[in-house]
1. Evaluate the following for residue 154: is it farther than 28 Å from residue 254 by Cβ and in the same structural domain as residue 228 (by TED's automatic domain parsing)?
2. Within the stretch 148-171, restricting attention to residues that are within 21 Å of the chain's Cα centre (by Cα) and in contact (Cβ under 8 Å) with a residue 40 or more places away in the chain, which residue is farthest from residue 234 (Cα to Cα)?
3. Tell me, which strands (runs of 3 or more DSSP E) wholly within the stretch 75-145 include 1 or more residues that are farther than 17 Å from residue 250 by Cβ and out of contact with any helix residue (DSSP H, G or I) (no Cβ under 6 Å at 6 or more places or on another chain)?
C-alpha cells in the first residue's frame, strides 16, 4: 500500500496544478482507489472479528497497523476529492458570512474529533464574496492542522480573529488599492515549526514531522493555498517551536 501511495504522490508532483489534466488525474485516481480500499477495509474487519480471540498480541498489532494504513489512504482520497473541487473555472462566488461558516465547520469537527482536547475561540469575522464550500474546507483544514500538531498533555487553544487591511499593508503586500481586504489569523499553542520551512509547508505531500508521531498526507495546507489563490488572496505562516503557529489569510471583500 505504501508503494502505491508513493507512486501516486510522484505522479501528482509531475502534473502542474494549473493544468486541466491535473484535475482529471486526481479525480480519476481518487475514484480508482475508493473501491479496493473499501474492500480491504471490510476484509480486515471480518478477519479481525472472526479471529480476534485466536490472534496473539503481535498479530493484533499487525491488524492495527493495517487499519491505520487504510485510514491514511482514506484521508488521502478525501483530500484528492477536495482538490477536484478547486478548479477556479468551475466555482461560483456569493456573499459568505465567515462567522456562520466557521461555526458550521467547528460543529462538524467536534463530532468527528470529540475525543481530542481542543478549544476554539472565534472573534467577529467578516462577510466576503467567495465560494462557501471552499471556505468551509479552508477553515476545516486550518483547524484540523492546529489540533493535529498540538503539544502533548495540554489543551489545544486555537484563536481565530480578523481585521481590515490598512493602506500601508496594501502597499506591503502589493494589493489593489481600490479594494477592501481582510486579514484573518488562526493562532494555536501547538508544536509550531521551523520558520525556515514556512513556504515549504504549502507544497503537496510535505510533512515536517515524523509520520510515527503525526498522521497526515501533506495535502491539507496545499488545499488551503489553492483555495486562497482561487479567491485572489494570500496565505502565509509564522511560527517557532516554543509558542505555536500563526496562519494568516488575506482575502478581498470581493474577488
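The values are calculated or read from the model by the stated rules, or taken from the named source; none is laboratory data. Values in this document were obtained by computation on a predicted structure and should not be read as measured data. With ideal geometry, Cβ positions are generated from the backbone for all residues, glycine too; neighbour counts draw on all protein chains shown.
1. Criteria met by residue 154.
2. So, considering only residues that are within 21 Å of the chain's Cα centre (by Cα) and in contact (Cβ under 8 Å) with a residue 40 or more places away in the chain, the one farthest from residue 234 (Cα to Cα) is 151.
3. 94-97, 118-122
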